[in-house]
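To keep things clear, I will list the structure first and then write my remarks on it.
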Amino acid sequence: MTIDKEPSANEDKHGNWLSTIIEGGLPQVLAGPAGKAISRLIGASADIPAAWIEGIAQGHRDKTSARTTVSNAIAEKAAGLAGEDQDLIERALNGMIAASYRKQENRDAVAAVALEDLSRAPPLESSEGPDEDWMNKFERHAEDASSEDLRTIFGKILAGEIRAPGSISPSTLQFVSMMDREVANLINQVLPACSIIGYAFMDMLPWLTFEQKTLLEQAGLWTFDDNMKVKITPDTSRTANIIVRPTSAIQIVTKSNEVIDLRGAILSKAGKDLVGAADVDFDVSLFCPIARETGKVVSAVGASCFRVADGWKIANVSTTIRQISRKPENG
């Protein structure tokens, strides 16, 4: 029995980086736990994917031969099933091998996204990487990620978990695995209006229809109500800090200590995990006009921040991100 399967576009797309990894060793950014997680994803656990990866390491020079070798080895074992329906056995083996290749192709694509993300923002050397239970669940979901949107999301989730083990819950993996293309596309569009502390600023999403808001609620991204408000409370110096990403915030200076109310939705745990893992910046240019329209804001600027034991601490205020300023009412 032989398998005749032309290499897909995705196999060619990811072949080069897989060959580099296997032939030359993992790049420095993937040393340690990060390398272990990526290696596990592209090496998988069965003989068939392992042999396929070995074929990739040969630079795709002998793909058909590699597949044939695997297929014939399995067929030889299957020949021992004397007295069984040989046509049925061959169809079953063909289906099993095709499914294995398809799942490995999905894992390869997810690993490619994670590698690219980690190359831009490497994990700390002290990171222990994902634990065994988390990787077991992740692999099962990643191997079914056949769309580009899902592969991208899962790849960024893996990179996020490598950087900060325990930051992505198993329920988030389940949430992402249940997405269809429409939901994944909508989530990518609304993430620039979402804060990692658990809010989506709905005034930044005027194009979103009621049906789309409801679809995202039913999918599990958020809970929304048109009357729901995000309350921004200034301190005694009339300053309020809004944490929007793990390392970025918006610092607002208000006219008084009066609370600012903005329309919002409450993100689920999965929603907050996605905000932290996705490589999507908060859109300050959309937020600034909303703050200005309240009539209560003197200025709003971007700031960097970092986590501390009891929350976040503002590190410095950026001079490169757009600033809102309002002229004095008497001026």
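Rundown of residues vs (1) touching a helix residue (DSSP H, G or I) at 6+ places or on another chain (Cβ under 8 Å); (2) more than 17 Å from Phe201 (Cα to Cα), yes/no style:
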| position | (1), (2) |
| --- | --- |
| Leu216 | yes, no |
| Asp235 | no, yes |
| Ile242 | no, no |
| Lys255 | no, yes |
| Ile260 | yes, no |
| Val301 | no, no |
| Trp312 | no, yes |
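Taken residue by residue, segment 164-174 has at least one member that is in a helix (DSSP H, G or I) and under 20 Å from Arg102 (Cβ atoms). When Asp203, Asp235 are screened for being surrounded by 15 or more Cβ atoms within 10 Å (Cβ to Cβ) and not hydrophobic (A, V, I, L, M, F, W, C), only Asp203 passes.
When every residue of segment 161-180 is checked against the conditions, at least one turns out to be over 30 Å from Glu128 (Cα atoms) and modelled with pLDDT under 95. Put simply, of Thr223, Thr214 the only residue that is of a type in the set (Ser, Thr, Tyr) and either under 13 Å from the mean Cα position of the chain (by Cα) or in a helix (DSSP H, G or I) (or both) is Thr214. Tallying residues that are farther than 24 Å from Phe306 by Cβ, part of a strand (DSSP E or B) and among the aliphatic types (A, V, I, L, M) within segment 246-288 yields 4.
The values are calculated or read from the model by the stated rules, or taken from the named source; none is laboratory data. Because the structure is predicted, anything quoted here is derived from the model rather than measured. Glycine also receives a Cβ, built like all others from the backbone with ideal geometry; neighbour counts cover every protein chain displayed.
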